[in-house]
Amino acid sequence: MSKVYRISLICVMVLAMFALCVLLYRYEERDVPYVEYSSNQNPSETITADVSHPENAMPDQDDVAVAADGSDVTTADTELIIVENYPGGLCRQSETELPEEMIGKNRNDLDELLESYCSQPDSIDIEKGLYRLELTVFSAGSVTIEKSYHNEVMDYYYLAFADDCVTVYREDKKTVLLTTDIHRDQLTTALTEEILNFKLIVGNAELFDFLETYTS
């Protein structure tokens, strides 16, 4: 009788250990994340996503302004980059705030605005001979507009600081054309940086526009 009891006890212990192994296996399988490998990936490599830093997370869709059709639209925080191409290979790039009339627009809206402007450009672009205006980059964060001119503008000037006031130099960057009372404190940080690096002014109309803006 005791022999049968011992055999039964051994069987129960074996079954209990088997059940425990099954439970442990299922627990580990549940906690291991599933990773899908591409055809050119080494299966021995593990792909992990770093979510410990907010900048590595997916952007919140609520933070991106979109139009009714789902396309991006510009905001007051959208950066405007203007690239100007002149005869002879001269190129100038500047960064500025987006004009009010361009805020809240999608790409098609901006294309229409630029097309309308081309039919009636301002006096500065007329003097330079604007013949092409193109929206080359568009996103909610940044917009790039490229301008091309065909007139060979003979008058080039450079702005620099002298005693913290704006001074206008001729093309050689040595001959002073004009000293002004425009103090650097009147200017934006971006414009100040440009002038610290000799800001290029193309044509008389652009020079007069700058002087009028900051001396009125």
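Near N204: Cβ cut-off under 9 Å, other residues only, Lys/Arg at +1 and Asp/Glu at -1. The net charge is -3.
Rounded to the nearest 20 debye, the dipole magnitude of the range 66-149 is 320 debye, with +1 charges on Lys and Arg beta carbons, -1 on Asp and Glu beta carbons, and the Cα centre as origin.
Net charge within 12 Å of H183 by Cβ-Cβ distance, Lys/Arg positive one each and Asp/Glu negative one each, not counting H183 itself? Each step should come with its number before you reach the end.
Details: positive: R184; negative: D163, D164, D181, D185.
Charge balance near H183 sits at -3.
Averaging the Cα positions of each part gives two centres, and for the range 93-147 and the range 160-187 these lie 28 Å apart.
Under 5 Å between amide hydrogens, built in the peptide plane, is the criterion, and for L178 it picks out V168 among residues at least 5 positions away or on other chains. With a ≥ b ≥ c taken as the square roots of the eigenvalues of the C-alpha gyration tensor of the range 137-216, please select rounded if a/c is under 1.5 and otherwise prolate if a/b is larger than b/c or oblate if it is not? Taking the square roots of the gyration eigenvalues as a ≥ b ≥ c, the range 137-216 is oblate.
Taking 21 Å as the cut-off for C-alpha to C-alpha distance, list the pairs among K147/K174; K173/K199; K147/K199 that go past it. Let's see the in-between values first.
Working: K147/K174 29 Å; K173/K199 10 Å; K147/K199 18 Å.
Over 21 Å apart, Cα to Cα: K147/K174.
Since every read-out is calculated from the coordinates, none of them should be taken as a lab result. All values reported here derive from a predicted model rather than from experimental measurement. Neighbour counts are summed over all protein chains in view; Cβ atoms, including those assigned to glycine, are modelled from backbone coordinates with ideal geometry.
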